[in-house]
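Colleague: What follows is a structure written as structure tokens; I'll ask about it next.
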Amino acid sequence: MADFGFNEHHQNEVINYMRFARSKRALRLKTIDSCFEDLKDSRLMEETYTVDEVSDMLDGLQVLVRGEVEMELINTAHTNVLLLRQLFSQAEKFYLRLQTDISELENRELLEQVAEFEKTDFKANSKVNQESSKPKLAPLNEGGVSELFQKEISRLQVDNDKLKARLRTLESQALSALDEKSKAERALKDLQKSHGDQQSGIHAQEITNLEGTVAAMQADFEKTLNANAASQKDLRDSLVSAKHDLLRVQEQLSLAEKELEKKFQQTAAYRNMKEILTKKNEQIKDLRKRLQRYESDE
């Protein structure tokens, strides 16, 4: 049976099925033999018969034998369907899809191997433990289940790695945006120095819009980082740090806002700084759209 590549458990299952098939075959052969015996006992009572009488007896015997053979073939086909049903039911419990090759059912080489097995190995295994001849198939062994679980875990790990890579990309983009914001703050400080003691002021509405944008970014990032708890904490800390930096800038700018607001709004420096902040707001909005597309992909 080693030619078929079966393990011991499956070999015992094959032996059980062949024992069952042989018993059904023997029973049907006995029924056919009884048809002939009945003919001998009931019809062959005289020494001579006419051609019509012999033909009539053979026709009747043909009907009986044909019916028995047909019944056996039908029963064998139905029995095989029930056997396949058990196998497929077990496979579906573990999300497997079994396939059959009908052409292999007429493979003469394999059929000869099965016949040889029935003549030799089948007899040697006739004393196999009775527990292996249960009417129901045993569940798949733990090794098979573990292998399926391992494959599923590997697939989830691959997906998780892809998610981490995309998350790192988004984090990098967020850090770049924060970097740009820091550069804008430094440029603002440089502008303040160039005007001596004057300090640039930003309209309160501009600060409110920037705060709202940062808050929206934080909410969007929290939704995205639910899939990766390890990275969520680091990014949240970065956002908190960025918010603290924003609050410090707001505190510095609010001191000089009322004093220089009217005067500074008329200068070219204010218009340039407003244009820089407008570009940064557009970059933040673009980053937010990209995060929304990432969430829709998931």
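Colleague: For residue 36 and residue 107, what does the FRET efficiency come to when R0 = 35 Å and r is the distance between their Cβ atoms, rounded to the nearest 0.05?
Modeller: For R0 = 35 Å, the calculated efficiency reads 0.55.
Colleague: Keeping all protein chains in the complex and leaving out DNA, RNA and ligands, what accessible area do you get for residue 294 with a 1.4 Å probe, in Å² to the nearest 10?
Modeller: 10 Å²
Colleague: Using a 1.4 angstrom probe on the protein heavy atoms only, could you order 92, 275 from most to least accessible area? Intermediate values should be presented prior to the final figure.
Modeller: Numbers: 92 130, 275 100 Å².
Result of the area sort, largest leading: 92, 275.
Colleague: Distance cut-off 30 Å, Cα to Cα: go down the list 193/223; 223/279; 263/289 and report the pairs above it.
Modeller: Pairs exceeding the cut-off: 193/223; 263/289.
Colleague: In addition: Let me cross-check residue 176: its accessible surface, 1.4 Å probe, with only protein heavy atoms counted, in Å² to the nearest 10?
Modeller: For residue 176, solvent-accessible area is about 60 Å².
Colleague: Please list 251, 116, 185, 47 in order of solvent-accessible area, largest first, computed with a 1.4 Å probe with all protein chains present.
Modeller: Of 251, 116, 185, 47, the descending order of accessible area is 47, 251, 116, 185.
Colleague: Just add up the charged neighbours of residue 274: K/R +1, D/E -1, any other residue whose Cβ is under 12 Å from the Cβ of residue 274.
Modeller: Surrounding charge for residue 274 is +1.
Colleague: Can you give the FRET efficiency to the nearest 0.05 for residue 91 and residue 185, using r as the Cβ-Cβ distance and R₀ = 45 Å?
Modeller: Approximately 0.10, to the nearest 0.05.
Colleague: How big is the accessible area of residue 101 in square angstrom, nearest 10, if you roll a 1.4 angstrom probe over the protein chains?
Modeller: Result for residue 101: roughly 90 Å² accessible.
Colleague: At 1.4 Å probe radius, can you tell me the per residue accessible area of region 1-57 in Å²?
Modeller: 75 Å²
Colleague: Sorting 33, 220 by accessible area (1.4 Å probe), largest first, what list results?
Modeller: Sorted by accessible area, descending: 33, 220.
Colleague: Residue 79 versus residue 165, label points 7 Å from Cα toward the beta carbon: distance in nm?
Modeller: A separation of 5.5 nm, rounded to one decimal place.
Colleague: Too long at a 22 Å Cα-Cα cut-off: which of 24/93; 162/243; 181/285; 233/274?
Modeller: Those over the limit are 24/93; 162/243; 233/274.
The values are calculated or read from the model by the stated rules, or taken from the named source; none is laboratory data. Fair warning: this is a prediction, and the values are worked out from it, not measured in the lab. Cβ sites come from the backbone with ideal geometry, for glycine too, and all protein chains shown count toward neighbours. Surface accessibility is based on the protein's heavy atoms, side chains included, excluding ligands, DNA and RNA. Shrake-Rupley method; radii C 1.70, N 1.55, O 1.52, S 1.80 Å.
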